[in-house]
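Input: a single structure, listed below in structure tokens.
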Amino acid sequence: MIWALLLGYAIGSLPSADIVARWRGHDLRNSGTGNPGTANALRVAGRSTAAVVLTIDMAKGAVAVMAGAGLGDTGGSMAAGLAAIGGQVLNPWFWFRGGKGLGVAAGVTAVAWPPGLLVVLPITALGAWLLTAASGAILGLVAYSIGAVLWAAYDWPTWWGLSPDDLLVWLAIGVVALTAPKFVSDLKGRYQPEAG
């Protein structure tokens with residue numbers, strides 16, 4: 001299990017957004033919101049760069065889950081997937097100030113709980129379109145949690161993913177715990193009254 005955690009963390013911590021943006025002549029950490037992720041890549045460098053960043057982030061999550069399965073079956077896959085999200089959010093290359101982890105979480109979910117991704121993506125996108133990106137992410141994470149509990153409670157099929165049991169609920173708890181704080185912080189900053 002420890003090897004799955006270490007490998008997942010190493011995969012997640014690869015500074016892919018920074019590499020892609022710099023290769024295309026942009027510095028995400030000193031532009032836009034300063035966040036090395038898809039939303040800031042879209043803001044700073046445009047759609048094509050954001051698409052590449054999102055694709056690589058999702059690939060990091062998917063690869064971590066598959067590699068973890070090879071090291072420790074179902075528990076190893078979940079541990080590696082959550083560690084990959086942790087590596088993205090708490091990135092050691094940038095003094096543990098990384099991205100928000102949603103792209104990596106999407107990749108983890110695509111392998112560990114595919115139907116969950118189909119449930120969460122439309123809700124996240126609609127929330128982001130009607131409200132703000134942070135609000136959409138938070139709505140998506142709420143849907144993620146509720147969906148995982150329902151899947152486990154009713155034993156709905158997960159296709160090739162985790163068994164629909166308590167492990168799926170723990171995956172949801174981990175995903176929310178790792179990704180939600182930065183989005184909540186964004187909302188607090190947005191609605192905090194200005195001084196003076």
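The values are calculated or read from the model by the stated rules, or taken from the named source; none is laboratory data. Computed from a predicted structure; not experimentally measured. In this analysis, Cβ positions are derived from the backbone assuming ideal geometry, glycine residues included, and neighbour counts consider all displayed protein chains.
If you go through segment 82-96 one residue at a time, do you hit one that is touching a residue at least 40 places away in the same chain (Cβ under 8 Å), within 15 Å of the chain's Cα centre (by Cα), over 17 Å from residue 178 (Cα atoms) and surrounded by fewer than 18 Cβ atoms within 10 Å (Cβ to Cβ)? No, every residue in segment 82-96 fails to be touching a residue at least 40 places away in the same chain (Cβ under 8 Å), within 15 Å of the chain's Cα centre (by Cα), over 17 Å from residue 178 (Cα atoms) and surrounded by fewer than 18 Cβ atoms within 10 Å (Cβ to Cβ).
Can you tell which of 21, 64, 59, 41 is in contact (Cβ under 8 Å) with a residue 12 or more places away in the chain, surrounded by 22 or more Cβ atoms within 10 Å (Cβ to Cβ) and over 18 Å from residue 97 (Cβ atoms)? Spell out how you get there, then give the answer.
On the way: 21 fails: over 18 Å from residue 97 (Cβ atoms); 59 fails: surrounded by 22 or more Cβ atoms within 10 Å (Cβ to Cβ); 41 fails: over 18 Å from residue 97 (Cβ atoms).
When all the criteria are applied, what remains is 64.
Taken together, 40, 35 contain a single residue that is assigned to a helix (DSSP H, G or I), polar (S, T, N, Q) and modelled with pLDDT under 95, which is 40.
Tell me, yes or no, whether segment 28-50 has at least one residue that is under 22 Å from residue 144 (Cα atoms) and of a type in the set (Lys, Arg). Break it down into steps so the answer makes sense when it comes.
Going through segment 28-50, the residues under 22 Å from residue 144 (Cα atoms) turn out to be 37-39.
Now drop any that are not of a type in the set (Lys, Arg), which leaves none.
Checking segment 28-50: not a single residue is under 22 Å from residue 144 (Cα atoms) and of a type in the set (Lys, Arg).
Among the numbered conditions (1) over 19 Å from residue 37 (Cα atoms); (2) surrounded by fewer than 17 Cβ atoms within 10 Å (Cβ to Cβ), the only one that residue 111 does not meet is (2).
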